[in-house]
Amino acid sequence: MNPQVEAAAERLLNLLYPRRCPLCGGVVYGTPWNGAVCPDCAREADRLCHQPPRLPATEHEFYAVNTAAGAFYYADGVRHGILLCKEFGKPWFAREFADLIAVLVYGAEPAPVPGRMPVYQNLTGIPLYHAIVPVVPREKRHPADNLPLLLARRLGRILDLPVLCPLVTTRSIRPQKTLDLAQRQKNTNGAYACRPGTDLTGKRILLVDDIITSGSTVSACALALLAAGAVAVDAVCIAAAEDLPREKQKPKPAKRKFKENSHQ
């Protein structure tokens, strides 16, 4: 589709279906936090930001991945928003989450008003990557199950990068959330490959997933991309499953003290 036609169609859709906050589902109004979160959720979004965005190796078991980054911690409101998108068929939240990745990880300027895209200014003139590749989902029950692809398409528009889909699964993969670290690595080892004829020779690839937990999935996908000729693979996600730093944890409610009644 012509970019100008696509932009006009998006503005029309925004008039008919206002943008909604991925953390609470409410309509984004006024000047939203970083262009995609409603003012009511600004404090929650700020609390759950993963700063710096680079994911520490001490929290994950990466191999084959050059670097990995995440916009948020996978907790509370962010976790709720991702589950709404994946489990409850609300794929439009992918747009907001991709915008937040662009702003928080890649330094794009937030959208000036709800319904617009963040603006990424490539001052160097050198593309960040040659292409974006989404992690292929284990299974797809509805369109939102392919959340990495929805994220990749939006990021591709913002960062002006092509989106490629060379990855396929080579066998059945169990749900990662039910497994421990050793089982996750075994579950994904050799489970991904590139389609026959894929040639990524000399390309730097941005690999996109929704959540990074142990790092096993993005690492296995990166290994497949490297085998197809890629020279480097960086991974990015909406949220990383890590322990929240103490300063980002919600204060625990104070325990109520009950006095024993004294009897004469």
Check: Just a yes or no: is a residue in the range 40-58 under 30 Å from Leu226 (Cβ atoms) and modelled with pLDDT under 90?
Finding: yes
Next item on the list: List every residue pair whose Cβ atoms lie under 9 Å apart, where the two residues are 6 or more positions apart in sequence or sit on different chains, the first residue falls within the range 20-36 and is touching a residue at least 24 places away in the same chain (Cβ under 8 Å) and farther than 16 Å from Pro110 by Cβ, and the second residue, located anywhere, is among the β-branched types (Val, Ile, Thr) and assigned to a loop (DSSP other than H, G, I, E, B).
Entry: Arg20/Val28
Note to self: I'd like to know if the range 69-78 contains one or more residues that are closer than 27 Å to Gly190 by Cα, surrounded by fewer than 21 Cβ atoms within 10 Å (Cβ to Cβ), in contact (Cβ under 8 Å) with a residue 40 or more places away in the chain and under 15 Å from the mean Cα position of the chain (by Cα).
What the structure shows: yes
Margin query: List pairs: first residue in the range 96-119 and assigned to a helix (DSSP H, G or I), second residue among the hydroxyl-bearing types (Ser, Thr, Tyr) anywhere in the structure, Cβ distance under 8 angstrom, at least six positions apart or on different chains.
Written below: Ala102/Tyr120; Tyr106/Tyr120
Check: Do you know which of the residues in the range 215-232 that are buried (at least 22 other Cβ atoms within 10 Å of the Cβ) and more than 18 Å from Ser172 (Cβ to Cβ) is farthest from the chain's Cα centre (by Cα)?
Finding: Ala230
Item checked: So Pro91, is it surrounded by fewer than 15 Cβ atoms within 10 Å (Cβ to Cβ) and not in a helix (DSSP H, G or I) -> no
Check: Mind checking whether some residue in the range 18-32 is surrounded by fewer than 23 Cβ atoms within 10 Å (Cβ to Cβ), of a type in the set (D, E, K, R), within 22 Å of Ala152 (Cα to Cα) and within 15 Å of the chain's Cα centre (by Cα)?
Finding: no
Notebook entry, point to check: Which of the residues spanning the range 98-114 are crowded, with 17+ Cβ neighbours inside 10 Å and over 12 Å from Ile158 (Cβ atoms)?
Noted result: Leu104, Pro114
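The values are calculated or read from the model by the stated rules, or taken from the named source; none is laboratory data. Predicted model, so just to flag it, every value in this text is computed and none were measured. Every residue, glycine among them, receives a Cβ derived from its backbone with ideal geometry; neighbour counts consider all protein chains shown.
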